[in-house]
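Asks: Structure in structure tokens, see below.
The values are calculated or read from the model by the stated rules, or taken from the named source; none is laboratory data. No experiment lies behind these values; they were computed from the predicted model shown. All Cβ positions, glycine included, derive from the backbone under ideal geometry; neighbour counts span all protein chains shown. Note: accessible area is taken over every heavy atom of the protein model, side chains too, but ligands, DNA and RNA are not part of it. Shrake-Rupley method; radii C 1.70, N 1.55, O 1.52, S 1.80 Å.
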Amino acid sequence: MGVATSIAVVPAAPAFATSSVADARTSLDQAESRLADITKEYDDLQAQVDDLQTQIDDATAGVLDAQDAAQKGREKLGESAQFAYKTGGISLLDVVLASQSLDEFIDNAQYVLAVQDAQADIIARQRSLEAEYQAALEDLGAKKDLQIKKLNQPTHYLIKYNRALAAPSM
């Protein structure tokens, strides 16, 4: 009686298949690493955008305060001009003609100078308020521009991510 043996022939896996799996695993690991890097960059960018929004909110409040102060200054300046118009203002000539004595003239002249100084201070303060308002508006505009720039950056990261996935790594 003969012993029958059968030999099963199992085809060996081609060497390139093992290499391809290892290469694919390496590519996947690299892609995941790049994705993690891009995700961190995106999260950092989002934190910057959130911080900018807080700054914009604060700047907006500052603009509103400066606008209110400038408006009140305009009203005060207008009241002063209206009073001067209605009363005809006080001129040095009026002071000279209305004075009965040298002491009265000196007192009246000091009064006129004090009124003129007060009016000059009101005008200077108004100019300062208007300048502060303009500076606050410019600051707000700059912060909004920066925020728009930062908000457009996520598109860059998505493109970078898509390229990272599509690009074969070696």
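Asks: With a point put 7 Å past each Cα toward its Cβ, work out how far T39 is from E79 in nm, to one decimal.
Replies: Once both label points are built, they end up 6.2 nm from each other.
Asks: Now a separate question. I need the phi-derived Karplus couplings for segment 86-95: 6.51 cos²θ - 1.76 cosθ + 1.60, θ = phi - 60°, integer Hz, Gly and Pro marked x.
Replies: Whole-Hz 3J(HN,Hα) from phi for segment 86-95: 5, 8, x, x, 10, 10, 5, 5, 4, 5.
Asks: Provide, in order from the shortest bin, the percent of all Cα-Cα pairs of segment 92-132 in each 5 Å bin, continuing until the bin that contains the maximum pair distance.
Replies: With a bin width of 5 Å, the distribution comes to 6, 24, 18, 15, 10, 10, 8, 5, 3, 0.
Asks: Taking 0.36 nm per residue of separation and subtracting the Cα-Cα distance, what length does fully extending K72 through A131 add?
Replies: Between K72 and A131, full extension yields 19.8 nm more.
Asks: To continue, here is another question. Using only Cα atoms, what Kirkwood radius does segment 60-167 have, in angstroms?
Replies: By the Kirkwood definition, the hydrodynamic radius is 18.6 Å.
Asks: How big is the accessible area of S19 in square angstrom, nearest 10, if you roll a 1.4 angstrom probe over the protein chains?
Replies: 60 Å²
Asks: Local charge sum around I56 (other residues, Cβ-Cβ under 12 Å, Lys/Arg +1, Asp/Glu -1)?
Replies: Neighbour charge sum, excluding I56 itself: -3.
Asks: V95 accessible area, nearest 10 Å², 1.4 Å probe?
Replies: 10 Å²
Asks: Provide I123, I148 ordered by accessible surface of protein heavy atoms (probe 1.4 Å), highest first.
Replies: The residues order as I148, I123, largest area first.
Asks: Let me ask something else. Carbon and sulfur together cover what percent of the accessible area of segment 74-162 at a 1.4 Å probe radius?
Replies: 59 percent
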